[in-house]
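Report on the structure given below.
What follows draws every value from the coordinates through simple rules; no lab data is involved. What you see is a predicted model; the values in this text were computed from it and never measured. Positions of Cβ are backbone-derived with ideal geometry, glycine not excepted, and every protein chain shown enters the neighbour counts.
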Amino acid sequence: MLKSRVALPNVPLDGVGAVFVTQEPPPGVRVAWKAREANWSLQDVAVNPDYEIAKRQIPDSPLFDVLPPPSVFAPSPGEIVRSSLIQTWEGTVVRVNEESHAMEVHLNAKIGQVPEHAGEIDLQWVSEQDKDLVQPGAVFYLTLSRRVKRGSVENNQELRFRRLPSWTKRQMAQVEQDACMLLSKMKAKPIAE
Amino acid sequence: MRYTAEIFGSTIVAVGIFNPAMFSVDMLKENGLLGTEDADLARDQGSYVLTRQVSTVETEWVRLQVLENQLLIMSKGALSPAVRDIAVGILSLLSYTNISAVGLNFFGHYKMSSRADYHRVGDVFAPKTIWNDIFPTENHNTGMETLTVVVQPVRRDETAVMGNVKQITLQPSKLISDGLFLSCNDHHVVEADDHTKTGTAERVARLIEAKWEPSWVEAGKLFESLISKALGEGSPC
């Protein structure tokens, strides 16, 4: 049976610090763990396809007995996707043309010295969940990549709109308060005679 | 020669005190950080965990893991600034949380054009002369498994005031034959602000917003430069 939380001895936590976490798993779910130290690298955490490989890499760890078997960070071999990035653009919606069902955009390439350019993107490429974000000023990312999955190579295009947290009531109240203060300091401009 | 990573990704890791149980798919969706389709997918994933000690949420493009002392966001597939945005978004919601350090991490798997090049890179960064003296090549084979170099923003005779460092790691790739794995940990220490008595999460969110993309560009250039220099090709840039 899995035990309670275990911390690695003498391992300082840093930016990518080491943490072993084990716990009683709720029914039907797997337990998460992450281990970078004790010979675990970021690479191991990201790509180790299964528990057995992981186990071989830290054979003498006394902590190992309390590690739960599967990791949420361990995709099965079939799930490992190689994605070679070709280009990412950061785009801004300039105008939405409902008639032609397209959006006029400005695109800034993130890789290489490519000048900004304008374009038009058909709204059919925008996912359903992002449709309500399509409005002038909205930021999105257009990513082109070459994917290798289960032995086949495919070009992949992804369009994802920028998502920021909704404004909280406290933030809204603060904005209102600031606006009121600004308004109170404003004076009508004197009319020249 | 320009080297392009077969796989390139990023993790953003914040160290602090967190309440994993609050990081549900619904919380992320309600706050506008996940779309409806991403949220539905994340709920259906076998990896979705929501407990007091750990929570994990996974979509097609990002993985989030929250422990009581660590928040980790990891890209999946082709890297885009959406990973930065979700990190900034989450931390903006935690304005009263104290974060003591943040790591902006990038990693890449690079395919070498030949096995000879693959070994050459290893031999340049970890010369085998001493090792081969001790373990003769007639019956031994020595190879580099992992090499981590720490870079502090000070001269050798100076003492670093802040703990900001870069850690660059080089390993054989476990995914690509004759491939190299390179990672760069851009580590930032966050000092508590005694004056405001609020958490540092908001400040960390701004730091990520400002530094993640330059860090991405820098890591890409660094990886290419290390490979090129090791192969005696000069800088690719």
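Couple of notes before you dig in:
- B:Asp123, B:Asp85 arranged by Cβ crowding within 10 Å, fewest neighbours leading: B:Asp123, B:Asp85
- DSSP H segments from chain B that extend 20 Å or more along their own axis, Cα-based, with Kyte-Doolittle mean of -1.0 or above: B:201-230
- Estimated [θ] at 222 nm from DSSP helical runs (n ≥ 4, -39500 (n - 2.57)) normalised by residues in chain B, nearest 500: -10000 deg cm²/dmol
- Loop sites in the stretch B:1-90: trypsin sites (Lys or Arg not before Pro), DSSP, at most 15 other Cβ within 10 Å: B:Arg2, B:Arg52
- Highest-fluctuation residue, B:Gly122, B:Gly143, B:Gly89 considered, GNM on chain B with Cα pairs under 10 Å: B:Gly143
- Checking every one of the chymotrypsin sites (Phe, Trp or Tyr not before Pro) in the stretch A:135-193 against DSSP loop status and a limit of 16 other Cβ atoms within 10 Å picks out A:Trp167.
- Among B:Val154, B:Val190, B:Val57, the largest mean-square fluctuation in a Gaussian network model of chain B, built with springs joining Cα atoms closer than 10 Å, belongs to B:Val154.
- Restricting the chymotrypsin sites (Phe, Trp or Tyr not before Pro) of the stretch B:7-79 to loop positions (DSSP other than H, G, I, E, B) with no more than 15 neighbouring Cβ atoms within 10 Å leaves nothing.
- Residues B:Met144, B:Met74, A:Met181, ranked from the fewest to the most other C-beta atoms within 10 Å, line up as A:Met181, B:Met144, B:Met74.
- Mean sequence separation of contacting Cα pairs (under 8 Å, at least six apart), scaled by the length of chain B, corresponds to a relative contact order of 23 percent.
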